[in-house]
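The values are calculated or read from the model by the stated rules, or taken from the named source; none is laboratory data. As the structure is a computational prediction, the values presented were derived from the model and not from experiment. A quick note on method: Cβ atoms are made from the backbone with ideal geometry, for glycine too, and the neighbour counts reach across all protein chains shown.
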Amino acid sequence: MSNYQDVLEQAKNLTPEEQLKLVEDLSSSIRQLVTMTPKPKRSILELRGLGKDIWSGIDAQEYVNQERDSWNG
């Protein structure tokens, strides 16, 4: 049996109050790990070219004009 399964079986033998305390303690421990792990910095340039296939063949100015016209009813 895996370690996870062993721990899960042991947790099932705890009282509901002990199970809640265990969940709270595990959540707190995980939150600390997450906040300590630096997130990689992202750049807006990573979005460059995203969705360009959607806009192929569409004239940008014509699209903007149509959108503006729709505002006026």
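Here's a check for you: in the stretch 21-58, which residue that is among the hydrophobic types (A, V, I, L, M, F, W, C) and under 30 Å from GLN10 (Cβ atoms) is surrounded by the fewest Cβ atoms within 10 Å (Cβ to Cβ)?
Selected residue: MET36.
Determine which member of the set GLU46, GLU18, GLU9, GLU24 is within 21 Å of the chain's Cα centre (by Cα), of a type in the set (Asp, Glu) and either at pLDDT 95 or above or in a helix (DSSP H, G or I) (or both).
On inspection, the qualifying residue turns out to be GLU46.
Only one residue in GLN61, GLN66 is in a helix (DSSP H, G or I), loosely packed, with under 10 Cβ neighbours inside 10 Å and either in contact with a helix residue (DSSP H, G or I) (Cβ under 7 Å, 6 or more places away or on another chain) or free of Cβ contacts under 8 Å to residues at least 24 places away in the same chain (or both). Which one?
GLN61
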